[in-house]
1. Looking at the square roots a ≥ b ≥ c of the eigenvalues of the Cα gyration tensor of segment 97-137, which shape do they give, rounded for a/c under 1.5, prolate if a/b is larger than b/c, or oblate?
2. Output the peptides 98-107, 150-159 sorted from most to least packed, where packing is the average of other Cβ atoms within 10 Å over each peptide's residues.
3. To make sure I understand, if each residue's beta carbon is the centre and we count other beta carbons within 10 Å, what order do Glu238, Glu26 fall in, fewest to most?
4. Pairs on different chains or at least eight residues apart, Cα atoms closer than 23 Å: how many lysine pairs in the chain fit?
5. Evaluated at 37 °C with a viscosity of 0.692 mPa s, what Stokes-Einstein diffusion coefficient in µm²/s does segment 11-316 have when Rh comes from the Kirkwood expression over alpha-carbon pairs?
6. Charges at C-beta only: +1 for Lys and Arg, -1 for Asp and Glu. How large is the resulting dipole of segment 11-316 about its Cα centre, in Debye rounded to 20?
7. Which of Pro207, Pro84, Pro42 ends up with the largest GNM mean-square fluctuation for the chain, with Cα atoms connected below 10 Å?
8. Normalise the Cα radius of gyration of segment 106-206 by 2.2 N^0.38 Å (N = residues in it) and let me know the number.
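Please treat every number below as a calculation from the coordinates, not as lab data. Not measured: the values here are computed from a predicted model. We place every Cβ from the backbone using ideal geometry, glycine too, and count neighbours over all the protein chains shown.
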Amino acid sequence: MREPASSPYPLVDFHCDVLWKLLEHEELSFDDHSDSRIDVTPGRLQASQAILQTFAIYTSPQKASQAAIWKSVDLFYDKVLSNPRMHLIRDAADIDHAMNNGLTGALLSLEGVDGLQGDFTMLRLLYRLGLRAVGLTWNHANWAADGVLEPRQGGLTAKGGQFVEECERLGIILDVSHLTERGFWELADRVKRPFIASHSNAKALCPHARNLTDDQIKALIAIDGRIGITYVPYFVREDGKATIIDVLRHIEHVAGLGGAKQLMLGSDFDGIEQYVQSLRHPADVRKLVNEMLKVFPEQVVTDITSANAIRFLKQQLPAK
Ligand SMILES: [Zn+2]
């Protein structure tokens with residue numbers, strides 16, 4: 001199962017949904033003996049030389065509640081961080097500790113604030129437990145903002161605007177991957193710190209609602225935010241018959257817009273039921289790295305696979 005670690009291109013991945021699977025299926029565990037229902041396992045992270053993996057708290061809109069969020073945090077500690085190869089990332093020093101000790105950093109994020117129910121106290125407690133990135137919405141509307149598939153295509157609510165400011169005050173990274181375009185621009189007007197799209201591709205190549213327009217990509221580049229290229233087949237190619245070369249095209253497109261220093265990876269493993277051909281789990285990302293090396297200088301590949309994300313986190317996370 002475990003593959004030898006030999007590549008000089010360690011990985012950072014900014015989005016997976018393991019916690020959602022663990023929440024939905026109590027019998028599952030985060031280990032190498034789990035059945036094939038889990039994409040992101042400790043062994044595959046090690047095989048991919050993962051420096052850092054972001055774990056998103058996500059619940060379906062029907063099940064969104066404060067209890068579901070607390071349960072997800074509990075699973076993160078009880079099943080993921082209990083693994084001796086994982087190390088909680090709260091601050092910049094934690095990243096150095098993980099890298100120096102051959103551990104995989106685990107960053108906690110929240111995808112959609114529906115379950116928070118507008119409770120800023122709970123946000124502050126989640127921050128104390130390690131929450132370091134928040135996307136306001138999943139695909140639909142909630143108390144804070146409208147998601148990309150909401151028919152009215154609104155932006156942020158008044159309370160959503162206050163919430164964004166509280167995230168900035170705390171030092172929580174804002175993630176616009178599921179936000180409407182209107183919400184994107186309203187958030188951009190409101191914040192002082194750079195924000196990210198953790199798992200979205202280029203609309204110019206694949207016109208899916210979850211992808212970013214060139215103007216959005218350029219805006220993220222201009223503020224030195226980050227764009228995590230994702231492996232969701234329907235965000236890669238309109239017909240969903242996506243190959244690793246199609247993923248590479250999105251990376252090339254963003255790099256062509258000037259984003260070589262802002263690109264990163266956001267797989268969405270464990271949040272997808274269909275896969276880009278032969279890209280099914282973290283260890284497979286090595287194949288994408290090999291394709292990147294055919295078209296980019298080694299330094300650019302290093303930047304996209306890990307250095308851009310690490311540089312951003314060291315700037316944005318608390319110093320200690
Ligand atoms: Zn998502």
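1. Taking the square roots of the gyration eigenvalues as a ≥ b ≥ c, segment 97-137 is prolate.
2. Highest-to-lowest ranking by the protection proxy: 98-107, 150-159.
3. Glu26, Glu238
4. Count of close lysine pairs: 22.
5. 173
6. The dipole magnitude comes to about 500 debye.
7. Pro84
8. Rounded to two decimals, the normalised Rg is 1.00.
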